[in-house]
Amino acid sequence: MKWLLVAVIVSCNTVGDVLNTHGMKRHGEVRDFGPSGMRRLLSALVRNRYVVGGIAMGAISFFALLMLLSIANLSFAVPATAASYLLETALAKFILKEQITWKRWAGASLVAGGVALLAFH
């Protein structure tokens, strides 16, 4: 059950981050942080299906994390869910068409290696 919840957290968190990034790139840069600017931003974002989808995926990930924390140690749960870093890096390259340097690949791979160490404990 622990690893199933980790898979749900990693997949929902990853999809949510990709959707939020895509939605915000379509929206454009946020420049007005005053009260009226925040109201306009909120109004625009609730109509942005990518951001709404990303928020929904984030909520699923959050509640799955709560479930995981009820059955696993924090020292397992948080590092295990860090597997999303490698998956997010790959999706950033292939879906969002971001340029990923070898240093970012190396960093994400080191995190994934740490997750693999947790799997064998």
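The values are calculated or read from the model by the stated rules, or taken from the named source; none is laboratory data. Please read these numbers as outputs of a predicted model, since none were measured by experiment. Note that each Cβ is placed from the backbone with ideal geometry, even for glycine, and that neighbours are counted across all protein chains shown.
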Starting from region 1-21, take each residue that is more than 11 Å from residue 60 (Cα to Cα) and among the charged types (D, E, K, R) and list its partners that are crowded, with 21+ Cβ neighbours inside 10 Å and at pLDDT 95 or above, counting only C-beta distances under 8 angstrom and pairs at least six apart or across chains.
-> 2/68; 17/54
When both residues are 6+ apart or on different chains and their Cβ atoms are under 8 Å apart, which pairs have a first residue that lies in region 78-91 and is over 14 Å from residue 11 (Cβ atoms), and a second that is in a helix (DSSP H, G or I)?
-> 79/114; 79/115; 79/118; 89/104; 89/105; 89/108
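Please find, among 48, 20, the residue that is crowded, with 17+ Cβ neighbours inside 10 Å and under 27 Å from residue 110 (Cβ atoms).
On the way: 48 fails: under 27 Å from residue 110 (Cβ atoms).
Going through 48, 20 in turn, just one is crowded, with 17+ Cβ neighbours inside 10 Å and under 27 Å from residue 110 (Cβ atoms): 20.
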The residue from 63, 76 that alone is of a type in the set (Phe, Trp, Tyr) and either surrounded by 19 or more Cβ atoms within 10 Å (Cβ to Cβ) or touching a Leu at 6+ places or on another chain (Cβ under 9 Å) (or both) is 76
